[in-house]
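The values are calculated or read from the model by the stated rules, or taken from the named source; none is laboratory data. Only a predicted model underlies this, so the values are computations on that prediction, with no experimental measurement involved. Counting neighbours? That spans all protein chains shown, and the Cβs are built from the backbone with ideal geometry, glycine included. When the accessible area is computed, the model is the full protein with side chains, heavy atoms only, and any ligands, DNA or RNA have been set aside. Shrake-Rupley method; radii C 1.70, N 1.55, O 1.52, S 1.80 Å.
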Amino acid sequence: MISIEVLTGVLLLCILVTFALGAPVGLALGGIAMAVGYVTWGDALFNVIPTTLEDTHFSFILLAIPLYIYMGQLLTRSGIGDAMFSASQMLIGRVRGSLAISVIVVCSMIGAMVGIIGAGIMTSGSIALRPMLERGYDKRLALGVIMAGGGLGILIPPSIPMIMFASSTQNSVGRMFIGALIPALITIILLITYVVISCKLNPSRAPMDKIPEVQPTVKEKIMTARDGLLSLLLIVAVLGSIIMGIATPTESGAIGVVGAIVLAILFKRFKPRMVQKAGMQAALLVSVAMWIIVGASVFSNFHLLMGVQNMVASFTQDLGLPPIMVIMLFQLIMLLLGFIIDEFIIVLMCAPIFTPIAVSLGYDPIWFGILMILNIEIAVQTPPYGFALFYLKGIAPPGITMLDIYKSILPFVLLKLLVLIIVMMFPELVTWLPNKLMDG
C-alpha cells in the first residue's frame, strides 16, 4: 500500500505537469485522481465518482451558483454599471481622485454582483479603465483600483467561492455572507483612504475633473440618484432576504435574477436578445465552473479517503506549533497555490482538508472560511502569476504592459494583506455580526 506522503507528492507532481501542459483544470484534476486511484485502489475507486457527482450536481446550495452568475450577466448588460458609476460620481463631487474612489466603490459592487474575480475585474475594467486614462489619471493608479475593486467580488456577498466553501465544509452560506461584511467594509475604507492620501501627496496622479460646460438639471440629478439607488437596493434585497430569514441563499439568487430583469426594464435596456446573450454567457461560465467543481471534488474526495487530513494534522502536531501558527501555515500554503490555480480550485482542494483541522484547534469555521477568501483574493492578484493579473491585461489598452500591471497592484495587495492580518488577530470582526443577526 502506497503511503499517503508519497501519494500526495505524486498527485502534486501530476497537477503541476498537467497545468504546465495547459490541460483543462476540471478534467485534469478528475483524470489525475482516477488514474492514480485506479493504480492504488483498483476498481473500488469508481465508487467515489457517482457519489461525488450526486453530491455536486444535486446540491441545493450549489444551485445558487448559476442563479448568481446569471444575475451578474443580466446586470452587466442592463446599464447597472453606468447607473452606479454616475450616481457615485454625483455623490462624491469634485474631489481629487474622485473617479478612482468611484471606481473602487462601483467596481466592488459590480464584482459582488458577478460573484467571481475574473468576471468582476473584466466587467469593471471595461466600464471604468478607459475613462480614467482619458482624464489623465496615472495608469498605475487606474489599473490598481480596478484590480482592487473588481477583485473584491469574492469578498462582498453574494460570492461564488463562499458558496463552494459552505458546500464543501457543510457550513452556513448565510453566516459566511454576513461574516464577510465587516472585513469587506474595512478593505473598501482602506483602499479609499490610500487613494485620497496618495492623490494628496502626488496631485499629478489624479487631475481635478473639469467643470462641465452644461450643468445637469435638477431632474437629471434626481434620475441619476434614483438609478443608483435602485441598483443598490437590489444588492440589499439579495443579502437582506438571507439575513432576515426570508429566503435561503439559493432562493435569494432567484430574487436577484427577477430584480435584474425588473431593473433592465426600468432602465429601458430590456431586450430579448440581451436576455439570450446573458443566458448563453451564464451557461458557459456555469458549465466551466461545474466541470471544475466535479473534477476538483473527485480529486479532493479521493485524497481525503486516502488520509490526507490525518497526514496534515499529524504534520502540524509534529511541528509543535501553537494553533495560530498552524493557521498562518495554512495561509502561506493557500497563498502559494494562488500563484498557479484559480479561486475555485483552491477552495475545493483546501477547504475540506484545512477547515476540520482549524475547528479541532478551537477556531470558528466561518472565521477560517473568511480568512481563506481574503487569502485567495490576495493570491490570485499577486505577481508574477496571479490569474487576475492576466484578466486585467486582457481588457487593458495596447500601451499597458504586464510590468505596469505588476507595479500597479503592489500597494493594494499590501493593504489587503493588512486586512487579512487584522481579521486573523481579531476573529470577532467576522463572528460578531452572524452571531448577532442569526443567533439572536
*Give region 267-283 a look and list any residue that's over 18 Å from the mean Cα position of the chain (by Cα) and of a type in the set (A, V, I, L, M, F, W, C), or say none.*
267, 270, 274, 275, 278, 280, 283
*From the list 71, 132, 90, pick out the single residue that is farther than 24 Å from residue 338 by Cα, surrounded by 24 or more Cβ atoms within 10 Å (Cβ to Cβ) and either among the aliphatic types (A, V, I, L, M) or at pLDDT below 70 (or both).*
71
*List the number of the failed condition for residue 392; all other conditions in (1) open to solvent by less than 20 Å² (accessible area, probe 1.4 Å); (2) under 14 Å from the mean Cα position of the chain (by Cα) hold.*
(2)
*Could you grab me the full set of residues in region 16-48 that are farther than 15 Å from residue 306 by Cα, part of a helix (DSSP H, G or I) and in contact (Cβ under 8 Å) with a residue 24 or more places away in the chain?*
16, 19, 25, 26, 27, 28, 29, 30, 31
_Taking the conditions exactly as written (at pLDDT 75 or above and either part of a helix (DSSP H, G or I) or surrounded by fewer than 24 Cβ atoms within 10 Å (Cβ to Cβ) (or both)), does residue 125 satisfy them or not?_
no
*How many residues are open to solvent by 30 Å² or more (accessible area, probe 1.4 Å), hydrophobic (A, V, I, L, M, F, W, C) and within 19 Å of residue 324 (Cα to Cα) if we restrict to region 425-434?*
3
*From 420, 437, which residue is assigned to a helix (DSSP H, G or I), out of contact with any strand residue (DSSP E or B) (no Cβ under 8 Å at 6 or more places or on another chain) and open to solvent by less than 50 Å² (accessible area, probe 1.4 Å)?*
420
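So for region 53-67 (the condition being surrounded by 14 or more Cβ atoms within 10 Å (Cβ to Cβ), among the hydroxyl-bearing types (Ser, Thr, Tyr) and at pLDDT 75 or above), does at least one residue qualify?
Scanning region 53-67 turns up no residue that is surrounded by 14 or more Cβ atoms within 10 Å (Cβ to Cβ), among the hydroxyl-bearing types (Ser, Thr, Tyr) and at pLDDT 75 or above.
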*helices (runs of 4 or more DSSP H) contained in region 181-300 and holding at least 3 residues modelled with pLDDT under 75*: 218-243
_Quick test of your reading of the structure: residue 84 fulfils all but one of (1) at pLDDT below 75; (2) in a helix (DSSP H, G or I); (3) open to solvent by 40 Å² or more (accessible area, probe 1.4 Å). Name the failing condition by number._
(3)
_Residues of region 1-21 satisfying the condition of being at pLDDT 75 or above and of a type in the set (Gly, Ala, Ser)_ = 9
*What residue, among those in region 22-52 that are modelled with pLDDT under 75 and of a type in the set (A, V, I, L, M, F, W, C), is surrounded by the fewest Cβ atoms within 10 Å (Cβ to Cβ)?*
44
*asked:* Where the second residue is open to solvent by less than 80 Å² (accessible area, probe 1.4 Å) and at pLDDT 90 or above and the first is over 30 Å from residue 142 (Cα atoms) and among the polar types (S, T, N, Q) and lies in region 412-440, which pairs have Cβ atoms under 8 Å and are six or more apart or on separate chains?
replied: 431/179; 431/364; 431/366; 431/367
